[in-house]
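The values are calculated or read from the model by the stated rules, or taken from the named source; none is laboratory data. This one's a predicted model, so the numbers in the text were calculated from it and none came from an experiment. Glycine gets a Cβ as well: all are built from the backbone with ideal geometry, and neighbour counts include every protein chain shown.
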Amino acid sequence: MTELATKTTAALKWSALERFITQGIQLAITLLLARLLGPTTFGLVGMLAIFIAIANVFVDSGFTSALIRKTDRNENDYVTAFYYNIVVAVICYIVLYICAPYIAEFYQQRDLLVLLRVLGITVLINGFMLIPKVKLSIVMDFKTQAKISVISVSVGGAGAIVLAMNGYGVWALIAQTLLNSSCNVLLFNILVPWRPRVKGTKQSFCYLFGFGSKLLFSGLLDVGYNNLYQLIIAKKFTPDLVGQFTQANQLASVPSMTLTGIIQRVTFPLFSQLQHEPAKMAEGYRLALKMASIVIFPLIMGLGLISEPLLTSLLGYQWQPAALLLTVLCVGYMLYPIHSINLNLLQVIGRSDLFLKVEVIKKVIGIAILIISIPYGVFAMTIGLCITSYLALYINTYYTAKLTDISQWQQCKDIAPIWISVILSTILAYAAGIAWQSHPWLQVSINLAVALFFYSMYLLLAQKSLVIHIYKTFRR
C-alpha cells in the first residue's frame, strides 16, 4: 500500500482541507443565521429542498461519475455532457416555475411560490459547473477546488448574514444559495477555462447515459427518500417542526457528509485506476473502511453527545426540540461514509445496474419503516431513519462481498470494534456530564474530555498501527 498511499496523499490532504474549511465556515454561518432567523424561516426553505435536489440530480444524470470512470474519454464526451446538462437544466427550471403555484398550494404556504421560482435559478447556474469540476477531479486537483469552495461559501454566507441582520428573513437563505452557486460557477470557469469546440456525438451520449442513467435513477431515489421526511413533516405538522428537523438533520450531516465527500472524491478516481487490479483494490478498500471509521465515528458521536448544551447555548432555547433529534440522527449518520465506500466500489467495477438495485431495495425498506413511524410523530420517524441506515449497511456489504474477496464478516471485523468503542465512550462521557447540566459549557467540556480519554485509550491499546499509518500518510 506504500505506492498507493503516496499517490493519494496530496489529493486526500487537499480534499480534506477543502471539506473541513468549507463545512466549518458553512456550519458557523448556519448557526448564526439560525439564531437570527428562527426555526420557521428554515422550515420554509426546507420545504423546497426536495424539489431543488431532484432537479440537480437530473442535471447531473450520473454523467460526472461516467466521465471520471471512463479511461479513454475525449473532447466529444465532455461536449456531449455539457450540452446535455444545459438542456436538462433549462427544462428543470421551466418545470419548477410552472409547478411553483401547485407546490405552494400543497403546503398551504403562499410565500413558497416566488421563493421556489427564485431559488430554482440555482439549477440553471449549476449546469455550467459540471465539466470544469470533472476535469479537476480526474487529475485529482482538489487544491483548486478547495480554494473555490472556501471563497464561494464565504461570499454566500456574508451576503446572507447582512440580509438577515437587516430584516430580510427567508430571503437571506435564498440569497445565500444563489451567491454560493454563482461564485462557484464563475471561479470554476475562470480557473478551468474550458469551452465546447467540437460537436457532441451519439456514441458519447449512449455511453454516458448508458452508465449514468442507472446512477440517475438511484440518485433520484436517494434524494427523494432523504427529503421525504421534510415533505411529510411539512404536510402533517408545522413549519416550526420542519425547521427543527431540517436543522438537526443538517447539523448531523455536516461531519458525516464532509468526510464522506472527502472519501468519495478521492477513492472513486483512485479505485477507477485500479479497477483491473483486484488485489490492490481490495487492500485499498479495507484500508479506506478502517480509516473512515476511526476518524468519522468519534466526530459524529461527539456532536450527538453535546447536542443539547450546544444548541441551547448557541441558538437559544427555541431550538431545544432539535437536540434529541440531532443525537438520534448522529447514530445513523455515522455509517454514511461506510455506505459511500461500498457504493463507490460498485460504480468502479462497472455495476451501476447493481448500484440501482441496491438503492431500490434500501428505499423500499426505508419507506416501509417511515410509513410505520409517521403516526407516532417526528421523533419516531427519526429513529426509523436511524434503523434504516443500519439495515442499509447490511445490504451494501452483502453485494460488495459478492463481487470482491472481502466477506461481510471481514468488513464487520474491520469496523465493529471501532463502533463499539465509540458508543461506549459516548455513554460513559454522557454519564459523567449529567451533574453539570445547569452549566452548559462546562458540561460540553466534561463530556468531550471523558469521551476523548476513553477513545484514546482504545486506540492506544487496539488500533495503534492504524493510527501510525494514518499519521504517516498525512505527514508525507
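Laid out as a table, the results:
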| item | result |
| --- | --- |
| Long-range neighbours under 8 Å by Cβ, at least six apart or interchain, first residue assigned by the TED database to the domain that holds residue 243 within the stretch 303-319, second of a type in the set (Asp, Glu) | none |
| Members of the stretch 391-423 that are in contact with a Phe, Trp or Tyr (Cβ under 7 Å, 6 or more places away or on another chain) and free of Cβ contacts under 8 Å to residues at least 40 places away in the same chain | 408 |
| Residues of the stretch 333-360 satisfying the condition of being surrounded by fewer than 15 Cβ atoms within 10 Å (Cβ to Cβ) and either closer than 30 Å to residue 299 by Cα or among the polar types (S, T, N, Q) (or both) | 360 |
| Counted residues, the stretch 382-417 - those being farther than 30 Å from residue 229 by Cα, aliphatic (A, V, I, L, M) and either at pLDDT 90 or above or in contact with a Leu (Cβ under 8 Å, 6 or more places away or on another chain) (or both) | 1 |
| Yes/no for residue 216 being over 28 Å from residue 157 (Cβ atoms) and in a helix (DSSP H, G or I) | yes |
| Any hit, the stretch 361-377, residues being closer than 20 Å to residue 289 by Cβ and either without any contact (Cβ under 8 Å) to a residue 60 or more places away in the chain or surrounded by 21 or more Cβ atoms within 10 Å (Cβ to Cβ) (or both) | yes |
| Residue among 415, 427, 420 that alone is loosely packed, with under 15 Cβ neighbours inside 10 Å and either in contact with a His (Cβ under 6 Å, 6 or more places away or on another chain) or over 12 Å from residue 302 (Cα atoms) (or both) | 420 |
| Candidates 136, 163, 208, 187, filtered to the one that is in a helix (DSSP H, G or I) and farther than 21 Å from residue 68 by Cβ | 163 |
| Residue count, the stretch 137-153 (criterion: touching a residue at least 40 places away in the same chain (Cβ under 8 Å) and surrounded by 18 or more Cβ atoms within 10 Å (Cβ to Cβ)) | 9 |
| Per-region count, the stretch 156-188, residues more than 24 Å from the chain's Cα centre (by Cα), surrounded by fewer than 22 Cβ atoms within 10 Å (Cβ to Cβ) and in contact (Cβ under 8 Å) with a residue 60 or more places away in the chain | 2 |
| Residues of the stretch 44-90 satisfying the condition of being within 17 Å of residue 128 (Cα to Cα) and hydroxyl-bearing (Ser, Thr, Tyr) | 61, 64, 65, 78, 80, 83, 84 |
| Residue check, residue 110 assigned to a loop (DSSP other than H, G, I, E, B), charged (D, E, K, R) and free of Cβ contacts under 8 Å to residues at least 60 places away in the same chain | yes |
| Out of 389, 445, sole residue that is within 19 Å of residue 337 (Cα to Cα) and either among the aromatic types (Phe, Trp, Tyr) or surrounded by 14 or more Cβ atoms within 10 Å (Cβ to Cβ) (or both) | 389 |
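Residue by residue, here is whether (1) touching a strand residue (DSSP E or B) at 6+ places or on another chain (Cβ under 9 Å); (2) modelled with pLDDT of 80 or more; (3) farther than 21 Å from residue 391 by Cα holds:
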position	(1), (2), (3)
317	no, yes, yes
322	no, yes, yes
327	no, yes, no
336	no, yes, no
339	no, yes, no
348	no, no, yes
352	no, no, no
355	no, no, no
